[in-house]
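Taken together, the values in this text are just the output of simple stated rules run on the coordinates, not laboratory data. In this text the structure is predicted, and so the values were computed from the model without any measurement. Virtual Cβ from ideal backbone geometry, glycine too; neighbours counted across all protein chains shown.
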Amino acid sequence: MIVKETKLANCFVLEPKVFNDSRGYFLESFNQNTFQKVTGLSVNFVQDNESMSSKGVLRGLHFQTGEFAQAKLVRVIKGKVLDVAVDLRKDSITYGEYVAEELSEDNKKQLFVPRGFAHGFVVLSNTAIFSYKCDNYYNKASEGGIIYNDKSLNIDWKLEEKDFIISEKDLLLPTLQSINS
């Protein structure tokens, strides 16, 4: 597995070794020993989630607060998405900055999003099956978010805004500045 740190500390792109043959492929999507050895981070994933979405579906930018903050390891099983992680760690030199990575069934890349980040994605293919591991359990009372089109973040989602399909809940999310007030 190749692990590359992004411009945001403790946020990594993982590229598993893929073994292809006439039957298909095999890959190890996560190995805790390898991950800890390469990154120096110890994670204990306790919950796996999966979603299926159509082209233009934008989910995010979401996070969990306090004792329910979550680190995530995200990947695409089918299709292609633009995956985005925003650094919300107030003591970080990259606070308010983001990374965006195309994750797809073809490139098999994964993104490790540490605690203290907001996360979201938009589907670039006709459909996508998105899977992620979390190191903490979801808690509705601890959920938070930032509006996808926050001007201070200026995220290029790679699709025209008219093509987005966004939940009512996500359309009501505040700006980064609002959550800091």
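Lys and Arg at +1, Asp and Glu at -1: add these up for the other residues within a Cβ distance under 14 Å of Ile77 and post the number. Present the calculation step by step, with values, prior to reporting the outcome.
Numbers: positive: Arg75, Lys78, Lys80, Lys108, Lys109, Lys133; negative: Asp48, Glu50, Asp83, Glu105, Asp106.
Around Ile77, the charge tally is +1.
Among residues other than Asn31 whose Cβ falls under 15 Å from its Cβ, what is the net charge (Lys/Arg +1, Asp/Glu -1)? Walk me through the numbers on the way to the answer.
Working: positive: Lys17, Lys37, Arg75, Lys108, Lys133; negative: Glu15, Glu28.
Result for the local shell: +3.
Subtracting the Cα-Cα distance from 0.36 nm times the residue separation, let me have the gained length for Ala141 to Ser42 in nm, one decimal. Don't skip to the end; give the middle numbers.
Numbers: separation 99, 0.36 × 99 = 35.64 nm, distance 2.60 nm.
Going from the current span to full extension adds 33.0 nm.
Where does the charge balance sit around Lys169 when Lys and Arg score +1, Asp and Glu -1, over other residues with C-beta under 11 Å from its C-beta? Could you put the intermediate results ahead of the total?
Numbers: positive: Arg59; negative: Glu143, Glu168, Asp170.
Taking every Cβ under 11 Å from that of Lys169, the sum is -2.
Calculate the dipole size of segment 45-180 relative to its Cα centre from +1 charges on Lys and Arg beta carbons and -1 charges on Asp and Glu beta carbons; express the result in debye to the nearest 20. Present the calculation step by step, with values, prior to reporting the outcome.
Details: 17 positive and 20 negative charges, 38 e Å.
My answer is approximately 180 debye.
Run lengths n ≥ 4 of DSSP H only: what is the helix-derived mean residue ellipticity at 222 nm for the chain, with -39500 (n - 2.57) per run over all residues, to the nearest 500?
On the way: 3 runs with 17 residues, N = 181.
The per-residue figure over the chain is -2000 deg cm²/dmol.
Chymotrypsin sites (Phe, Trp or Tyr not before Pro), restricted to segment 100-145: which are DSSP loop and have at most 16 other Cβ atoms within 10 Å? Numbers along the way, then the final one.
On the way: sites: Phe112, Phe117, Phe121, Phe130, Tyr132, Tyr137, Tyr138; in loops: Tyr137, Tyr138.
Answer by residue number: Tyr137, Tyr138.
Expressed as a rounded percentage, what relative contact order does segment 45-180 have, with Cα pairs under 8 Å and six or more residues apart? Before the final figure, lay out each step's value.
Numbers: 321 pairs, mean separation 51.9, N = 136.
38 percent.
Report, please, the projected area of segment 96-181 averaged over directions, based on the convex hull of its C-alpha atoms, in nm². Numbers along the way, then the final one.
Values: hull surface 27.2 nm².
Averaging across all directions leaves 6.8 nm² for the Cα convex hull.
Sort segment 78-134 into rounded, prolate or oblate with this rule: let a ≥ b ≥ c be the square roots of the eigenvalues of the Cα gyration tensor; rounded if a/c is under 1.5, and if a/c is not under 1.5, prolate when a/b is larger than b/c, oblate otherwise.
On the way: a/c = 2.73, a/b = 2.27, b/c = 1.20.
Note, shape of segment 78-134 comes out prolate.
Rounded to the nearest 0.05, what FRET efficiency is calculated for Thr127 and Asp91 with R0 set to 41 Å and r the Cβ-Cβ distance? Don't skip to the answer; put the middle values down first.
Numbers: r = 39 Å, r/R0 = 0.96.
After rounding to 0.05, the efficiency reads 0.55.
Straight-line reach from Lys17: which lysines fall under 17 Å, measuring Cα to Cα and dropping same-chain residues less than 8 apart?
Lys4, Lys37, Lys108, Lys109
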